[in-house]
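The values are calculated or read from the model by the stated rules, or taken from the named source; none is laboratory data. The shown structure was predicted, so the numbers you read here are calculated from the model rather than taken from an experiment. Cβ placement follows ideal geometry from the backbone for every residue including glycine, while neighbour counts extend to all protein chains displayed.
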Amino acid sequence: MKPSVQDIARAFIELADSLPESERAALIDAVITLLHDRGLVREARLFPALVALLWRKREGAVSVTFTGPSPDASEAERIGSVIEKALGRPCMLARLTDRQLIGGAVVRVEDERFDFSVRGALHGLADSLLSFSPNRV
């Protein structure tokens, strides 16, 4: 069975733990060269970010994705800070832009999705109005 890039990244982390920090850069260069030699150019470009992600997850960091209508980083950073304080754990914050959002944001914390967008509020209002029955008063 052919190992995946995630498998290689996990093995890298295990090996890197046993090495002095000064030798880790040479190890990552060797892995990236190996990936390039195998024709996995895209994976080689993404490898350092994948290692960082897996390393932070292993340390207990929480994955947070902030999607807003504009690439403004300040609001995302503020939300990330609030989540870190609430959970007492570091966050790996990713920012995405969705130009179709009217306003507000959609925040994902691990597998949970929180819709604070205007679009989400309008959909909720429409659902409430459609399920409203005047005979229930």
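Descriptive notes on the structure:
- Any hit, segment 56-78, residues being in contact with a helix residue (DSSP H, G or I) (Cβ under 7 Å, 6 or more places away or on another chain), more than 30 Å from Phe12 (Cβ to Cβ) and without any contact (Cβ under 8 Å) to a residue 60 or more places away in the chain: yes
- Filtered residue count, segment 31-49, keeping only those that are surrounded by 12 or more Cβ atoms within 10 Å (Cβ to Cβ) and not in a helix (DSSP H, G or I): 1
- Flag if Leu101 is at pLDDT below 90 and not assigned by TED's automatic domain parsing to the domain that holds His123: no
To keep it simple, each residue is scored yes or no on (1) surrounded by 14 or more Cβ atoms within 10 Å (Cβ to Cβ); (2) assigned by TED's automatic domain parsing to the domain that holds Val109; (3) more than 30 Å from Ser117 (Cα to Cα).
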residue: Ala26; (1), (2), (3): no, no, yes
residue: Asp29; (1), (2), (3): no, no, yes
residue: Val51; (1), (2), (3): yes, no, yes
residue: Ala76; (1), (2), (3): yes, yes, no
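- Contact map, segment 1-16: first residue under 15 Å from Arg38 (Cα atoms), second residue assigned to a helix (DSSP H, G or I), Cβ cut-off under 6 Å, separation 6 or more or different chains; pairs are Val5/Glu43.
- Within segment 55-74, restricting attention to residues that are of a type in the set (A, V, I, L, M, F, W, C) and closer than 14 Å to Leu93 by Cα, the residue that is surrounded by the fewest Cβ atoms within 10 Å (Cβ to Cβ) is Ala73.
- Pairs where the first residue, in segment 26-37, is touching a residue at least 40 places away in the same chain (Cβ under 8 Å) and the second is surrounded by 11 or more Cβ atoms within 10 Å (Cβ to Cβ) and part of a helix (DSSP H, G or I), C-beta under 8 Å, 6+ apart: none
- Segment 87-131, subset exposed (fewer than 10 other Cβ atoms within 10 Å of the Cβ) and over 18 Å from Arg56 (Cα atoms), residue nearest to the chain's Cα centre (by Cα): Glu112
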